[in-house]
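The structure under discussion appears below in the form of structure tokens.
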Amino acid sequence: MAIKPKAGGFVLRVDPILCDGFGHCHELAPELVQIDEWGYPIIKGTPTPLSDADALESARFAVRGCPRQALRIERTPTSN
Amino acid sequence: MIAFTSPYIWYTTRATGFVALILFTLVVALGTFVANRIGGTYVGRFELNELHRSISMVAIVFLMVHILTTLVDSYVPTGWFSAVIPLTSKYEPVHVALGAVAFDLILAVWVSSLLKARIANRSWRFIHWFSWLALASALAHSFLTGTDSRSSWGLALGVVCAAVALASALWRYFARPTRAAGRTALSPLAVAPLDGDARDESARRDPSR
């Protein structure tokens, strides 16, 4: 049985109340997170396909690395 | 209790005690680096955080060996519960109690960090403040109980650890960065202009645009 490619996508979401601008998410997932001039994250708003394993791994590192547990990965039905 | 003693167990207790003290001092100093937003140019902020997390695991292993060899060695009657319950040791009750207090606090910090994803971040932070008390208690325990800690090199080591701990505490208190402290520029993408996606996101968040 062939493994079906994963459908759908994901978006990294930040809880702006928990975020204290440590900037770890940007270092861990630069392809998904930009940093504004005060050090807060600007996260890529459009969904990334789940098949993009590198981006998904970066996102997981960012979630794990956040000192304030302010990030989560949200799944979306479509990838773009 | 099983009567079991060997000088090598005692040597292990002394050596791992010193190593654990050095490592926990390093962990606290690195934690202060992370909290004070150090890094972002030559070393990543996340790298300091990862060092903080992984060295704490190594420190806990040394602490466990330190405690186990103390309990197993019947030469000093500490009693099995003296590692967690203060003042239950027949040998130097107060001095061993300081170690027990440090161990209990370290356990609290460790368990809360393991459960970090499941508990409120605010609770985790509150428990994480205990690590300062734990280090202070461990330093006092080391100085008062240690066989070598009042001799030349042992004393020097204790003084260096205490100085690092005090410097970290003062730095943490006076720097007090509660919010963002500027951008981290480690990634080559950091200076790149915002792409379309990022602009979409900021527009989505700010309805006036």
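Taking the listed residues B:GLY44, B:GLY146, the one that is within 23 Å of A:ALA29 (Cβ to Cβ) and small (Gly, Ala, Ser) is B:GLY44, with no other qualifying. Please determine whether any residue of the stretch B:125-143 is surrounded by fewer than 16 Cβ atoms within 10 Å (Cβ to Cβ), not hydrophobic (A, V, I, L, M, F, W, C) and not in a loop (DSSP other than H, G, I, E, B). Yes, there is a match, as at least one residue in the stretch B:125-143 is surrounded by fewer than 16 Cβ atoms within 10 Å (Cβ to Cβ), not hydrophobic (A, V, I, L, M, F, W, C) and not in a loop (DSSP other than H, G, I, E, B). Take B:ARG122 and decide whether it is within 20 Å of A:ALA70 (Cβ to Cβ), touching an Asp or Glu at 6+ places or on another chain (Cβ under 9 Å), exposed (fewer than 15 other Cβ atoms within 10 Å of the Cβ) and modelled with pLDDT under 95. Spelling it out, it is not the case that B:ARG122 is within 20 Å of A:ALA70 (Cβ to Cβ), touching an Asp or Glu at 6+ places or on another chain (Cβ under 9 Å), exposed (fewer than 15 other Cβ atoms within 10 Å of the Cβ) and modelled with pLDDT under 95.
For the subset of the stretch A:17-42 comprising residues that are crowded, with 23+ Cβ neighbours inside 10 Å and of a type in the set (Val, Ile, Thr), which member is modelled with the highest pLDDT? Among those that are crowded, with 23+ Cβ neighbours inside 10 Å and of a type in the set (Val, Ile, Thr), it is A:VAL33.
All conditions but one from (1) surrounded by fewer than 20 Cβ atoms within 10 Å (Cβ to Cβ); (2) under 13 Å from the mean Cα position of the chain (by Cα) apply to B:ILE106; the one that does not is (1).
For the stretch B:1-19, what are the residues that are crowded, with 20+ Cβ neighbours inside 10 Å and without any contact (Cβ under 8 Å) to a residue 60 or more places away in the chain? Break it down into steps so the answer makes sense when it comes.
At the first step, the residues of the stretch B:1-19 found to be crowded, with 20+ Cβ neighbours inside 10 Å are B:13, B:16-18.
Within the stretch B:1-19, B:THR16 is the sole residue that qualifies.
Do we have any residue at all in the stretch B:38-45 that's surrounded by 16 or more Cβ atoms within 10 Å (Cβ to Cβ), assigned to a helix (DSSP H, G or I) and within 14 Å of chain A (Cβ to nearest Cβ)? So that I can check it myself, show each step before the final result.
Within the stretch B:38-45, the first condition is being surrounded by 16 or more Cβ atoms within 10 Å (Cβ to Cβ), and the residues that meet it are B:38-40, B:44-45.
Applying the additional criterion that residues be assigned to a helix (DSSP H, G or I) yields B:45.
Pick out the ones that are also within 14 Å of chain A (Cβ to nearest Cβ) and you get B:45.
Yes, because at least one residue in the stretch B:38-45 is surrounded by 16 or more Cβ atoms within 10 Å (Cβ to Cβ), assigned to a helix (DSSP H, G or I) and within 14 Å of chain A (Cβ to nearest Cβ).
When we screen A:LEU18, A:LEU12 for residues that are under 26 Å from B:ILE119 (Cα atoms), facing another protein chain (nearest Cβ under 8 Å) and either out of contact with any Lys or Arg (no Cβ under 6 Å at 6 or more places or on another chain) or hydrophobic (A, V, I, L, M, F, W, C) (or both), the only hit is A:LEU18. The single condition from (1) facing chain B (nearest Cβ under 9 Å); (2) part of a loop (DSSP other than H, G, I, E, B); (3) not hydroxyl-bearing (Ser, Thr, Tyr) that A:ALA7 fails is (1).
For B:LEU157, the requirement of being touching a Phe, Trp or Tyr at 6+ places or on another chain (Cβ under 9 Å), of a type outside the set (Ser, Thr, Tyr) and over 19 Å from B:ILE106 (Cβ atoms) is met. Taking first residues from the stretch B:147-158 that are assigned to a loop (DSSP other than H, G, I, E, B) and partners that are at pLDDT 85 or above and not polar (S, T, N, Q), the Cβ contacts under 7 Å between residues at least 6 apart in sequence or on separate chains come to B:THR147/B:ARG14; B:ASP148/B:ARG14; B:ASP148/B:GLY154; B:SER149/B:PHE143; B:SER149/B:LEU155; B:SER149/B:GLY158.
Determine whether A:ALA59 is more than 9 Å from every other protein chain (Cβ to nearest Cβ) and either part of a helix (DSSP H, G or I) or surrounded by 19 or more Cβ atoms within 10 Å (Cβ to Cβ) (or both). Yes, satisfied.
Out of curiosity, is A:GLU37 more than 24 Å from B:LEU115 (Cβ to Cβ), among the charged types (D, E, K, R) and more than 13 Å from the chain's Cα centre (by Cα)? Steps first, please.
Numbers: more than 24 Å from B:LEU115 (Cβ to Cβ): yes; among the charged types (D, E, K, R): yes; more than 13 Å from the chain's Cα centre (by Cα): yes.
Spelling it out, A:GLU37 is indeed more than 24 Å from B:LEU115 (Cβ to Cβ), among the charged types (D, E, K, R) and more than 13 Å from the chain's Cα centre (by Cα).
Counting residues in the stretch A:27-47 that are within 26 Å of B:ARG122 (Cα to Cα) and among the polar types (S, T, N, Q) gives one or more.
The values are calculated or read from the model by the stated rules, or taken from the named source; none is laboratory data. Predicted, not measured: the structure shown is a model, and the values here were computed from it. Neighbour counts run over all protein chains shown; Cβ positions are idealised from the backbone, glycine included.
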